[in-house]
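The values are calculated or read from the model by the stated rules, or taken from the named source; none is laboratory data. All values derive from a computational prediction rather than experimental measurement. As a convention, Cβ positions derive from the backbone with ideal geometry for all residues, glycine included, and neighbour counts pool all protein chains shown. We work out accessible area using only protein heavy atoms, side chains counted, and drop any ligands, DNA or RNA first. Shrake-Rupley method; radii C 1.70, N 1.55, O 1.52, S 1.80 Å.
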Amino acid sequence: MPLLDHFHPPLYPQRAWESFHSRWANSIADELHRILPQRYFAEVHVHLGGQVEADVAEFERPPAVGNGAAGGVAVQTWAPPTAAMVMPAAFPDDLEVRVRDQTDDARLVAVVELVSPRNKDRDDACRAFAAKCAAYLQRGVGLVVIDIVTSRQANLHDEMIRMMNWGDACLMPAEALLYAAAYRPVRRQEANLIDVWPETLAVGRALPLLPLGLRGGPAAPLNLETSYADACRRSRLE
């Protein structure tokens with residue numbers, strides 16, 4: 001199944017990319033359940049339009065007057081002093097397949113990230129996504145990033161490399177605007193390293209097979225072509 005352009009006509013806007021990405025994430029999870037040992041399980045996590053969950057106004061309402069519901073004394077809500085600084089924040093879209101080890105308190109061992117247009121639409125969004133990916137790698141979590149977004153011109157692999165000061169030798173070619181990359185944190189010869197398998201993608205070409213490293217365990221073969229074709233079939237895009 002050749003890669004389609006999900007962000008321009010004739011598919012877009014009639015066929016929403018959000019729907020397809022969600023279906024693809026589920027196909028990836030299904031594929032992982034077919035190949036992973038029973039100790040591992042995959043779950044899909046989707047959170048688009050990232051924002052802080054807590055409603056600050058809810059916590060800063062004036063305290064109730066009088067007794068509590070059980071007849072006790074109402075406790076006044078504490079409020080912090082006015083902040084010395086207020087900084088802008090960007091929270092990345094989450095469109096992930098998370099792999100956990102159920103023999104180890106469901107510890108997170110690997111993540112597959114599907115890039116969204118909002119992950120690439122501004123400099124701060126690119127940095128937020130890159131920081132999230134770097135945090136996974138620094139915890140020893142295996143990672144695969146898949147970027148098929150044709151409507152934005154940013155390479156998030158390169159953003160992460162520059163942010164972490166890993167050197168220009170680790171950058172992708174300038175023409176690699178669509179790509180998939182696998183990252184496996186390892187310890188080898190008394191050194192902490194990250195093995196990387198980058199693959200440039202293109203509309204009309206098949207998708208690659210990549211290794212999904214499992215923290216503290218082996219690498220699993222992640223066949224992107226198989227899961228993509230399944231998602232296209234179930235979305236009636238064949």
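Counting only protein chain heavy atoms and rolling a 1.4 Å probe, the accessible areas of Thr150, Thr82 rank, largest first, as Thr82, Thr150. Free of any chymotrypsin sites (Phe, Trp or Tyr not before Pro) that DSSP assigns to a loop and that have at most 16 other C-beta atoms within 10 Å, the longest stretch within the chain is 79-165.
P(r) for the stretch 161-238, please, calculated from all Cα pair distances in 5 Å bins and given in %. Per 5 Å bin, starting at 0, the Cα pair percentages come out as 3, 12, 18, 20, 18, 14, 8, 4, 2, 0, 0.
Calculation over all alpha carbon pairs of the chain in 5 angstrom steps from 0 returns a P(r) of 1, 6, 12, 16, 17, 14, 10, 7, 5, 5, 4, 3, 1, 0 percent.
Charged neighbours of Tyr228, selected by a Cβ distance under 12 Å, balance to 0 (K, R count +1; D, E count -1). In the context of the full set of protein chains, the chain has a per residue accessible area of 56 Å² (1.4 Å probe). Among Lys120, Lys132, the sequence by solvent-accessible area, most first, with a 1.4 Å probe is Lys132, Lys120.
Taken along the Cα-to-beta-carbon direction at a fixed 7 Å, the label points for Glu225 and Val86 span 5.3 nm.
Near Val115, once Lys and Arg are set to +1 and Asp and Glu to -1 for all other residues with Cβ below 12 Å from its Cβ, the sum equals -3.
The simple spin-label model puts a point 7 Å past each Cα toward its Cβ; for Thr103 and Arg205 those points are separated by 3.9 nm. A straight line joining the Cα centroids of the stretch 148-166 and the stretch 3-21 runs 22 Å. Arg98 sits with roughly 40 Å² accessible to a 1.4 Å probe, with DNA, RNA and ligands left out of the calculation.
Distances between every pair of Cα atoms in the stretch 98-142, grouped in 5 Å steps from 0 to the bin holding the largest one, split as 5, 21, 23, 19, 15, 9, 5, 2 percent. The value given for the stretch 105-238 is a Kirkwood hydrodynamic radius of 15.6 Å, derived from the mean inverse Cα-Cα separation. Springs between alpha-carbon atoms under 10 Å, Gaussian network over the chain: tell me which of Asp30, Asp101, Asp168 tops the mean-square fluctuations. Looking only at Asp30, Asp101, Asp168, the largest GNM fluctuation is found for Asp168.
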